[in-house]
Every structure is written in C-alpha cells, then in structure tokens.
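The values are calculated or read from the model by the stated rules, or taken from the named source; none is laboratory data. Bear in mind the structure is a predicted one, so any value in this text is a computation, not a measurement. Neighbour counts run over all protein chains shown; Cβ positions are idealised from the backbone, glycine included.
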Amino acid sequence: MLLLAGAAVFFAQTAAAGEKPVLIPSAQPAPGQVLRYALTLHTTAKTNRETMIQDAASDVGAELSFTAVLRLEVLAAPQPPSALRLRVTYERVTVSQRADAPEESAGSDDQISRRIAALQGKSFECLLDASGAGECQGEKGALPAAADGLRGWLGNLFGPRGIPRRKIKPGAHWQEAREAGAEIPLRDLRWLRRFTFASEEPCLAAAGAPPQTCALIRMSSVLARKGNGRDATPEAFRAKGLRTAGTAGGSGESLLRISLSTGLVVSLSESATQSSDVTIAAASGENRIRTRSELKNDTSLTLLPNPR
C-alpha cells in the first residue's frame, strides 16, 4: 500500500497502569549513511474485463513473487532541509511469475519478468518530504512501475506514521486518514489507518545485526471512499472526456518494529487485500469498459547489517 501526503492524525492513550512511557524517535539518517533492506513481495491478482461489444471474459489470474536487497544511500539534503534524498540500488533481484492468461499474452508476461529481473544493479534517486511522500526517478530503461513501488516502500520506512513526538506508554493508539493511490480510478478514496503501540521487545533483526530494543507497532487499515458524492470521476479522467463509476474496498494488517535507539524501521510485515468494480465510459455513454479486480499483497522489509 502506498503512503501519500494529506494525513489527518488523531491520538489517544489507554495504557496499563505502571507501564513506563518511552519516546519513539524519528529516523534521521545522515548524508553518507548506507542502509540495506531485504525485501520480499508476493502478489496474487484476478481481473475480469467487459466491454460493450464483448461480454465478461473468464477471470484472468496472475501471481508474482519478488525478492530483492535494496541499498539506500543517504545523499546531501536539498532545500528544504526537511526533505530526505536517497539513492536506492537494487543490489540483488529474483523474480518468478505465473499467469492464467491467453497464450497470446504469454510473451508479454515473460517480458515483464525479464524487465523486473533486469532491475538488478539499477539505481533510482528518490526525494521524500516530511510526510513520507515523494518521487523516484530511475535510469533510462528502468521499469516505470519500479519507481512507484519504491515510493510506497520508502514511505512505509520513513513516513512519520503519526507517532506522537512525546513519551507514550504501550497501549497508546492513534489513527490517520491518507489519500489512496491512483491505481483505482475513483475519486476521494482514502486509507483509514489505526496504530497501536503494542509493546517493547527485542528487535527481530537479520542475523549479525547488533541487539536492540524495538517498539512493536500494529497497524490495521481500511480502504473507503470519503463522502457520499455520486460523481466519482478523478479530474485526470474528466479532462479527457471520460467518466468513472463503481466501488472499491480493501483492508490490511501490518507489524512494524522501530528501533528505540535510532528510530529506524528494523522490520515491517504487511498483508493487504483490495477489490474494485469500476466502469470507465465516454461522457456520451457510447463506449465503456467495466473491470473487476481482486488483489492480495504480502510484503516484508528487514534491515540488514552492512558488510564489514
């Protein structure tokens, strides 16, 4: 799930008596610092498309497994100084893909797998603002979707997550609302997230990493449309003479372990589902396409010790 700007945060504390409050620090990596994360992603998708001249086809399914080691080098901060500038390199990449698709699309699926595998050794320069939102630009020929994925993962690692900037006790909870991404063409979609400071515990870091104490943060998410307006067309579609309508929903559960000494995310695991039923039509109503989709993502990020 992508973290974007525009969050409203609410905080409450219901800690057990006797718990000692702690300050969960913000990560402030310095220019020249290098971080490495192991990334694992498993995605399953099912899509069904219907047009005015073709009835709904059978569901088309796809499954993708992707692992990588990401090298994050902190670059000199631009103006404003609150922004974080990173060079992210895919040091190692493995990918496998399976698709229940027509034979004529098999070549396209193989090409996508090869382009993902070709990310190994490629670098992207990313700029994140204080909310964790930002932009990533890759080398010529890099897969465009890879920049979108990086932006989402980095937002999870360096976004503020609404953590109060004062000492809190286990049991504290807060919530925020964030704009959803543009992958579903419906206006006013947002993720409603609820966070709970569950406990302090030893960090489950990769082998070889020094022992640390982490704050365990649990997050639950729900995708919903804000308001009850009937017109769901995003401005980008309206400008092209198109109208969109339909429904979307989703939910997710995440666990973050944040170092109480550095503020860095030591590990993150997330499982999310998303579904949509959207019709895109010309303003005249003469042409339309209806797409139903279901998506499930399982993602993990683990901080690795740097090589000696």
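General observations
- Scanning region 135-150 for residues that are of a type outside the set (A, V, I, L, M, F, W, C), modelled with pLDDT under 75 and either in a loop (DSSP other than H, G, I, E, B) or in contact with a strand residue (DSSP E or B) (Cβ under 6 Å, 6 or more places away or on another chain) (or both) yields Glu139, Lys140, Gly141.
- Some residue of region 238-260 being among the hydrophobic types (A, V, I, L, M, F, W, C) and touching a Gly at 6+ places or on another chain (Cβ under 6 Å): no
- Meets criteria (buried (at least 17 other Cβ atoms within 10 Å of the Cβ), on the phi > 0 side of the Ramachandran plot and in contact (Cβ under 8 Å) with a residue 24 or more places away in the chain) for Gly252: no
- Residue in region 61-73 that is farther than 20 Å from Cys126 by Cβ, at pLDDT 70 or above and in contact with an Asp or Glu (Cβ under 8 Å, 6 or more places away or on another chain) present: yes
- Failed criterion for Leu154 (all others in (1) at pLDDT 85 or above; (2) surrounded by fewer than 17 Cβ atoms within 10 Å (Cβ to Cβ); (3) farther than 30 Å from Thr279 by Cα hold): (2)
- Residue count for region 298-308 under the criterion of being out of contact with any Asp or Glu (no Cβ under 7 Å at 6 or more places or on another chain) and either among the basic types (Lys, Arg) or surrounded by 14 or more Cβ atoms within 10 Å (Cβ to Cβ) (or both): the result is 7.
- The residue of region 258-279 that is nearest to Ser65 (Cα to Cα), among those that are surrounded by fewer than 18 Cβ atoms within 10 Å (Cβ to Cβ) and of a type outside the set (Gly, Ala, Ser), is Thr273.
- Residue in region 230-249 that is assigned to a strand (DSSP E or B), within 22 Å of the chain's Cα centre (by Cα) and surrounded by fewer than 18 Cβ atoms within 10 Å (Cβ to Cβ) present: yes
- Residue under evaluation Phe11, criteria (1) in a loop (DSSP other than H, G, I, E, B); (2) at pLDDT below 90, criterion not met: (1)
- Residue match in region 180-189 (condition: out of contact with any Lys or Arg (no Cβ under 6 Å at 6 or more places or on another chain), touching a residue at least 60 places away in the same chain (Cβ under 8 Å), closer than 29 Å to Leu70 by Cα and crowded, with 18+ Cβ neighbours inside 10 Å): yes
- So Asp277, is it closer than 28 Å to Pro170 by Cα, of a type in the set (D, E, K, R) and outside any loop (DSSP other than H, G, I, E, B): no
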